[in-house]
Amino acid sequence: MSKNIIITGTSRGIGFELVKLFAKSGHKVLALSRNEKPIEKLNLENVTCFSFDLNDNEAYKKVEDFINSEWQYVDVLINNAGTLLNKPFAETTFEDFEHVYKTNVYGVSELTRIVLPFMKKQSHVVTISSMGGVQGSMKFPGLAAYSSSKAAVITLTELLAEEYKDSGISFNVLALGAVQTEMLEEAFPGYQAPITALEMAQYIFDFSLTGNKYYNGKLLQVSNSTP
């Protein structure tokens, strides 16, 4: 049965692959990214995309209006967009932290808040975090802003699951290990991850459609390596 899926961070990497997987399976997709061109070029049936910046308050209204007029409800929200900063802590400014948190934490929080009224029983909110945000995991210098922001959405997910436990909506968070994406290459040039963006997208695709039957308010570590 066709479902209505919202995915952020769709211009490249995992988000880009996710859009293709959902479209191929006959689902309706709203693909949100600052750069909508890569998805637009695919010309996929059942896929709507427009430029969306998590830091722009006006952009959320656009999403709300789209759901109201085109769909009326949302089955799955995948908070995949993220920004990564690799910089020694001593050089990291207030603005650096603010920029990372605005996208990785406030953006996740606000989009979830906007979409929730359109979700019903058996809907699923999946937020993509990182192994670096998991308490007790191996940590890497230079990722103070990034990894701490990824830790924040893990706790946020647990809190939302508790607050909405009577609604039948599930909230889960996936802490990903290293995946071979453009973002990883920019942060760690030359590092070769064991998993491709498509392989990870396949896992997230399956989990977002079925994981809510088994999990709510849970952190799943999706990693076969360190990092």
Quiz item: Inside the stretch 154-172, can you point out the residues that are under 19 Å from Y106 (Cβ atoms) and either modelled with pLDDT under 95 or part of a strand (DSSP E or B) (or both)?
Solution: F171
Exercise. Hey, can you tell me all the residues within the stretch 151-179 that are open to solvent by 60 Å² or more (accessible area, probe 1.4 Å) and either within 18 Å of V222 (Cβ to Cβ) or of a type outside the set (K, R) (or both)?
Key: T155, E158, L159, E162, E163, Y164, D166
Practice problem: Specify which of the listed residues (A201, A193) is assigned to a loop (DSSP other than H, G, I, E, B), crowded, with 17+ Cβ neighbours inside 10 Å and touching a Leu at 6+ places or on another chain (Cβ under 8 Å). | Solution: A193
Quiz item: Filter the stretch 2-58 for residues that are among the aliphatic types (A, V, I, L, M) and part of a strand (DSSP E or B); which is nearest to the chain's Cα centre (by Cα)?
Solution: I7
Quiz item: Which of the residues that make up the stretch 180-190 are open to solvent by 70 Å² or more (accessible area, probe 1.4 Å) and in a helix (DSSP H, G or I)?
Solution: E182, E185, E186
Quiz item: Which condition number in (1) among the small types (G, A, S); (2) in a helix (DSSP H, G or I); (3) crowded, with 17+ Cβ neighbours inside 10 Å; (4) at pLDDT 95 or above is the one that A81 fails?
Solution: (2)
Self-check item: Conditions (1) part of a helix (DSSP H, G or I); (2) among the hydroxyl-bearing types (S, T, Y); (3) open to solvent by 40 Å² or more (accessible area, probe 1.4 Å); number of the one not met by S147
Solution: (3)
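The values are calculated or read from the model by the stated rules, or taken from the named source; none is laboratory data. No experiment lies behind these values; they were computed from the predicted model shown. For neighbour counting, all protein chains shown are included, and Cβ atoms are generated from backbone atoms with ideal geometry for every residue, glycine included. Accessible surface is based on the protein model in full, side chains and every heavy atom, while ligands, DNA and RNA are left aside. Shrake-Rupley method; radii C 1.70, N 1.55, O 1.52, S 1.80 Å.
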